[in-house]
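Beneath this line is the structure, given in structure tokens, with notes to follow.
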Amino acid sequence: MSSSTPNSNSNPRAGLRRDVPEHPENDLHGAADYYNKVPPEPRNFDELADQPDPAELDARNRASTRQAVIFAVAAVLGTLLFGGILAAVARLAGGPLCEAGEAVWLCSPGWRTAWALLASIPPVVALLACAVIMVRKLNRYERWVPWMGVFWIPLVPFTMAWLILTVGILARDGVY
């Protein structure tokens, strides 16, 4: 047997392993796609013909990573922007704390409570939306790992820190 002829005894499952593609020209998976849910094998020719084009699937996987990063940045910036705009509205509305000459943005106990409650909504919604998107990507056999990273790295710590701030305002107002 020559060295160019594959030895069928060396690996009887050659081409059936996920990490060794049978047709390398169709293997557009990267290391980030290793943990993707594996779609079921086609049982007939029609199911085989209905499978997505590997190039289209690769483009969707790359887009998923880009979308996850954009979502993380937008969630954090959106929360900060919403909280800032709400605080500016509270400052413009005025109140007894602002008239007393104190350097505060939330000028009344009502605005403090309203700001704390309303400003808590965007990070919680973003966290839940990220979780839903992640599960949907997983079930569509697309790249979901970046969404898991976005969930745990920027969103969970940011949401926890933001809620500590807002719940702290509510707790402080409850003491007086």
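The values are calculated or read from the model by the stated rules, or taken from the named source; none is laboratory data. Not measured: the values here are computed from a predicted model. Note that each Cβ is placed from the backbone with ideal geometry, even for glycine, and that neighbours are counted across all protein chains shown.
Every condition in (1) within 30 Å of PRO40 (Cβ to Cβ); (2) without any contact (Cβ under 8 Å) to a residue 24 or more places away in the chain; (3) part of a loop (DSSP other than H, G, I, E, B) holds for ALA131 except the one numbered (3).
Could you say which residue among ASP58, ASP53 is of a type in the set (D, E, K, R) and surrounded by 15 or more Cβ atoms within 10 Å (Cβ to Cβ)? Give the derivation first.
Numbers: ASP53 fails: surrounded by 15 or more Cβ atoms within 10 Å (Cβ to Cβ).
Checking each option against the conditions leaves just ASP58.
Restricted to helices (runs of 4 or more DSSP H) entirely inside the range 1-114, those with at least 1 residues that are closer than 26 Å to GLY149 by Cβ and either of a type outside the set (Lys, Arg) or at pLDDT 80 or above (or both) are 54-93. Sub-6 Å Cβ pairs linking a first residue in the range 65-83 that is in contact (Cβ under 8 Å) with a residue 60 or more places away in the chain to a second residue that is buried (at least 18 other Cβ atoms within 10 Å of the Cβ) and of a type in the set (Val, Ile, Thr), at least 6 apart or interchain, are ALA68/VAL150; ALA72/VAL150, ordered by first then second residue.
The requirement of being surrounded by 15 or more Cβ atoms within 10 Å (Cβ to Cβ) and modelled with pLDDT of 95 or more is not satisfied by TRP152. Residues of the range 102-125 include at least one that is acidic (Asp, Glu), surrounded by fewer than 17 Cβ atoms within 10 Å (Cβ to Cβ) and more than 22 Å from LEU77 (Cβ to Cβ).
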